[in-house]
Amino acid sequence: MKQKFYMLTIVVIIAIIVGGAKIHVNITSPGFSKLKVAMPMFSGPSDVSLRLWKLAKKDIEISGVFELIDPGTYLHQGPVSDIPTGTLKDWDLIGADFVMVGKADKKGNGLTLKVTVVETSTADKVLDKTYICESDNQPKMVHSLMDDFLEGSIGLKGIFSTKLACIADNGSSKQLYTCFPDGSGGCLFNGLGKLVLDPAWSPDASKIAFVSYKRGNPDIYVVDIKTKSTRLVSSFPGLNTTPCFSPDGRHIAFTLSKDGTPDIYIKSLDTNKISRLTNNWATDTSPCFSPDGREMVFCSNRGGSPQIYLKEMSTANVTRLTFKGSYNTEPVFSPRGDWIAFSHLAADGHFHIAMIRPDGTDMVVLKGTAKGDESPSFSPDGRLLVFASSDGNLYITDITGNTLVRITDGKYIYSEPSWQD
Amino acid sequence: MKSYVRRIGTLVSIVGILFFVGCAKKPVEQVKEVSPPKQEVAPVQEVKPVQPVEVPKVEKKPEVKVPSLADQIKEFESVDIHFDFDRFNLKPEARKILAEKASFLKAHPGLKVRIEGNCDERGTREYNLALGERRAKAAMDYLVFLGINPERISTISYGEERPLDPRHCEEAWSKNRRDHFVIIGE
């Protein structure tokens, strides 16, 4: 039953302080198994409880650490709303590490969901709480409780309530789109132009930088998520593309071609001063800063093919990181600075998401969909990656490649996902 | 066989010359005036099957239809130049097309052109935006080299966002790796 991680020898230890206690979760060691969760159907009005249960199920799937035990094997078939003492062994018997039960109730225009999660080995209640939501906020409510579950059970900060930005193509226009990591709560940003590309979050997740052809040229704008007000950041002749915020949120680096070949520049949002970061005959594009802001990765074809380079911000030092493959692009730093993910043209002729250490070692290629995967972006805790596949959907994988979940619905053709910091 | 072909070729060129001379009520005499080597002219007259090319009928309406400017612009915009995968160097065919475009632009100094650089779907979106720009710039640089004022040329990259052929095969990709030219007026 236990699903072993033999694919990698890399061990990632995430240490997070929760309530004064340090919990170490070794999520990618060879001996790690996903934690088994039993979650019988929630009780309550069947339409509501099914919808909520399905949302919780999807979060378990994308979590990278949990795995739902097939409900068909449960000794207690749903709906189940509580776990009486004495029944815990029945959940233990089917291999559950955690049991989650819920009871939904309609309340006015909204509803409530009382959730209990018990760890079978200790009989500890890791979660016992009633959640309330307005009528249209069911995804938000479920993501909030799943965040509490992730934190209460293994001490990982929840990622289910964070947001993804991406581009949604309806066949006639490409628009900025945001949603939760499971694909729920989709929100289309209209009015930014018919061709919108390259979304990138500000570090505080209040703004998104993007490229729009609204004025007949690829220019860079920033939109405020709440007020929807936009600000034109860069509109030189030629390219104004691939924006990324600095870790302090006060600068945006991007690609300009105003002085000849595409190079990387940085603009202060306070003073509007622009400085040039690369100056090369080749194409330099797709900058992304390390979390401490001391380094920047980018893509350049200065060696004859597009490869990943790392620049020290305080010096002129530039180091080439990738040597495997003839086409490596779109690098992004992990939130802890220990990995750089990028799009890699692999030997099978398809693009795959790959990762490499900032010193150019340990390159790994993730299997992904094997249909052509591009444009990786790390989850805020660095355990997961979202990317776009050539089938027009977004997928989430964990960094071991062991989890692969399609998160979009096919309503649009999705591309260029960016996970908030 | 070879000489037969050459003879037909000679006839065709003679007929072509006649057409441009634009009169020739006595085509045979005109042929003589062109004074091709005798030994070749004689056989021409013998090549009966080719005779149905009725030159005199064409001659009766000698007006050469000059396409309108709108048609010429349409023609100008209908010819793209193409690139190899992940490359932006101009191939000989592309340079030939650009030379034609330069002549047209020289003949119409009031017109401006926008060069739109495009890529196929392979490669990544971000990199392709830059590649498209370099393709457009490569064409612009060549037009400038051929004497077109850079003030008359603008470039834009659409990366892989505007495929001409949406299929996923080399035939489509080779069409999509292109610079498209749009006349944007004065």
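The values are calculated or read from the model by the stated rules, or taken from the named source; none is laboratory data. Because the structure is a prediction, the values reported are computed rather than measured. Reconstructed Cβ throughout: ideal geometry from the backbone, glycine too, with neighbour counts over all protein chains shown. Only protein heavy atoms, including side chains, enter the accessible area calculation; ligands, DNA and RNA are left aside. Shrake-Rupley method; radii C 1.70, N 1.55, O 1.52, S 1.80 Å.
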Return the residue satisfying two criteria in turn: it lies in the stretch A:272-329 and is open to solvent by 10 Å² or more (accessible area, probe 1.4 Å), of a type in the set (F, W, Y) and assigned to a loop (DSSP other than H, G, I, E, B), and of such residues it is nearest to the other protein chains (Cβ to nearest Cβ).
A:W281
Cβ-Cβ below 9 Å, separation at least six or inter-chain, first residue in the stretch B:77-97 and within 18 Å of B:R114 (Cα to Cα), second aromatic (F, W, Y) and part of a loop (DSSP other than H, G, I, E, B): which pairs?
B:L90/B:F83; B:A94/B:F83
If A:D259 meets every condition in (1) farther than 20 Å from A:C166 by Cα; (2) away from chain B (no Cβ under 12 Å); (3) surrounded by fewer than 20 Cβ atoms within 10 Å (Cβ to Cβ) apart from one, which number is that one?
(2)
Need the failing condition index for A:I252 against (1) within 14 Å of chain B (Cβ to nearest Cβ); (2) buried (at least 20 other Cβ atoms within 10 Å of the Cβ), just the number.
(1)
Breaking point among (1) hydroxyl-bearing (S, T, Y); (2) crowded, with 21+ Cβ neighbours inside 10 Å; (3) assigned to a loop (DSSP other than H, G, I, E, B), for A:S161
(2)
Examine the stretch A:166-184 for a residue that is of a type in the set (A, V, I, L, M, F, W, C) and open to solvent by 10 Å² or more (accessible area, probe 1.4 Å), and state whether such a residue exists.
yes
Can you find a residue that is aromatic (F, W, Y), over 23 Å from A:V48 (Cα atoms) and within 21 Å of the chain's Cα centre (by Cα) anywhere in the stretch A:131-154?
no
Note on B:P166: of the conditions (1) at pLDDT below 95; (2) away from chain A (no Cβ under 11 Å), unmet is (2)
Can you tell me which of A:S81, A:S153, A:S144, A:S121 is in contact (Cβ under 8 Å) with a residue 24 or more places away in the chain, part of a helix (DSSP H, G or I) and of a type in the set (S, T, Y)?
A:S153
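Scan the strands (runs of 3 or more DSSP E) fully inside the stretch A:338-421 and keep the ones with 1 or more residues being farther than 27 Å from A:R320 by Cβ and open to solvent by less than 10 Å² (accessible area, probe 1.4 Å). Break it down into steps so the answer makes sense when it comes.
On the way: elements: A:340-345, A:351-356, A:373-378, A:384-389, A:394-398, A:404-406, A:413-419.
Answer list for the stretch A:338-421: A:384-389, A:394-398, A:413-419.
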Test of understanding: among B:F104, B:F88, which residue is at pLDDT 95 or above, within 14 Å of another protein chain (Cβ to nearest Cβ) and either more than 20 Å from A:I413 (Cβ to Cβ) or in a helix (DSSP H, G or I) (or both)?
B:F88
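Answer with yes or no whether A:K129 is open to solvent by 50 Å² or more (accessible area, probe 1.4 Å) and assigned to a helix (DSSP H, G or I). Lay out the reasoning, then the answer.
On the way: open to solvent by 50 Å² or more (accessible area, probe 1.4 Å): yes; assigned to a helix (DSSP H, G or I): no.
The answer is no for A:K129.
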Can you tell me which residue among A:S153, A:S173 is within 14 Å of another protein chain (Cβ to nearest Cβ) and among the hydroxyl-bearing types (S, T, Y)?
A:S173
Can you name the residue in the stretch A:196-206 that is more than 13 Å from chain B (Cβ to nearest Cβ) and in contact (Cβ under 8 Å) with a residue 40 or more places away in the chain and is also surrounded by the fewest Cβ atoms within 10 Å (Cβ to Cβ) among such residues?
A:D204
Checked pairs for the stretch A:166-187, first over 15 Å from A:A388 (Cα atoms), second of a type outside the set (F, W, Y) and part of a loop (DSSP other than H, G, I, E, B), C-beta under 6 Å and 6 or more apart or across chains, list as A:S173/A:K194
Scanning the stretch B:124-163 for residues that are part of a loop (DSSP other than H, G, I, E, B) and facing another protein chain (nearest Cβ under 7 Å) gives B:T124, B:E161
Filter the stretch A:229-249 down to residues that are over 20 Å from the mean Cα position of the chain (by Cα) and in a strand (DSSP E or B) and give me whichever is nearest to the other protein chains (Cβ to nearest Cβ).
A:T241
